[in-house]
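What follows is one structure encoded as structure tokens, with my remarks underneath.
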């Protein structure tokens, strides 16, 4: 009897472990606008759905799961060179690009690429009158380097979105993008739940 | 057994089979209610089998006239509906504002779209399989876009 119970326990445990491994990944997007008329948007998409649909879309710059990126899309910034610099840098070492109103920091930490953008907009008329400081816009992106490598696995002038999605499916819970400005907040993350709340 | 009884039994059997078939394939539900006083309320239930059957009955020559955009998106529609059939129930898109609420969700084997705005409420529910059937039928019957471009 004891052997049977032990065998059943092991089977239940294995079944649970298998189910956990096979759990569907969901991509969630949450956009919240401030103000009385602010809009709230919630999107929940299973990763498998995106993987199945993406190769079938052939429109504009998107073909077979790859998107063509023109040089001028990044305003003279060599994206691959920047990512290579980060990839070869030590952990927690930042590559910083600064301008008068924008500060972009890219770093590597624990197998993730971290992008932090801090933008100080021009003060509005009201802010000039009151002397209030404009709210800083923040963008925080955290992408596993396995996903970055997958995105860049295609041709020089394209991003392999399909490969990136497949690489993303290896992670159970991951905060990908957080954006905050004075009007709205955006959050993009991946987990194994089919609801955003 | 009288002829009348035979006819009635046959009709009852036919209704039973039809009802079972429609239940299996599912139905498209449309419910539109205007919010103004005395507004219209339209409620429609249509067996979903109508869509793929109608697609089969369209002459192939007519399918060549289908908009290029529709043919371009048929593989995407087919892939999406096939995968949606396998997904668990979930709310895919929800938009809430002061004036409008929109929700697109999967419930069982149906895709459900609900819209609530100041003027009306709209509820549409249709079997996901029916979209897949219709998309496949159209895709099989229509010539490829490349061939159309060469014609």
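All of the numbers you see were taken from the coordinates with simple rules; none came from a lab. What you see is a predicted model, and the numbers here were worked out from it, not measured in a lab. No Cβ is skipped: glycine too gets one built from the backbone with ideal geometry, and neighbour counts run over all protein chains shown.
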Among segment A:180-197, those whose backbone N falls under 17 Å of a label point 7 Å along Cα→Cβ from residue A:48 are A:191-195
The simple spin-label model distance between residue B:9 and residue A:181, using points 7 Å out along Cα→Cβ, in nm, is 7.5
Counting other chain Cβ atoms within 10 Å of each Cβ in A:35-42 and taking the mean gives 4
Expected unfolding gain across residue B:45-residue B:72 under the 0.36 nm per residue rule, minus the alpha-carbon gap, is 6.7 nm
Burial-style ranking of A:32-39, A:102-109, average other-beta-carbon count within 10 Å with highest first, yields A:102-109, A:32-39
Taking R0 as 41 Å and r as the Cβ-Cβ distance between residue A:193 and residue B:117, the FRET efficiency 1/(1 + (r/R0)^6), rounded to the nearest 0.05, comes to 0.90
Most packed first (mean Cβ within 10 Å per residue), the peptides A:83-90, A:50-57 order as A:50-57, A:83-90
To the nearest 0.05, the calculated FRET efficiency linking residue A:89 and residue A:68 through their beta-carbon distance, R0 being 41 Å, is 0.90
Per residue of A:103-112, other chain Cβ atoms within 10 Å number on average 0
Burial-style ranking of B:115-121, B:41-47, average other-beta-carbon count within 10 Å with highest first, yields B:115-121, B:41-47
Relative contact order of segment A:99-197 (C-alpha contacts under 8 Å, at least 6 apart) in percent is 20
Averaged over residues of B:84-95, the number of beta carbons from other chains lying within 10 Å of each residue's Cβ is 5
So the FRET efficiency between residue A:40 and residue A:133, C-beta based with R0 = 41 Å and rounded to 0.05, is 0.90
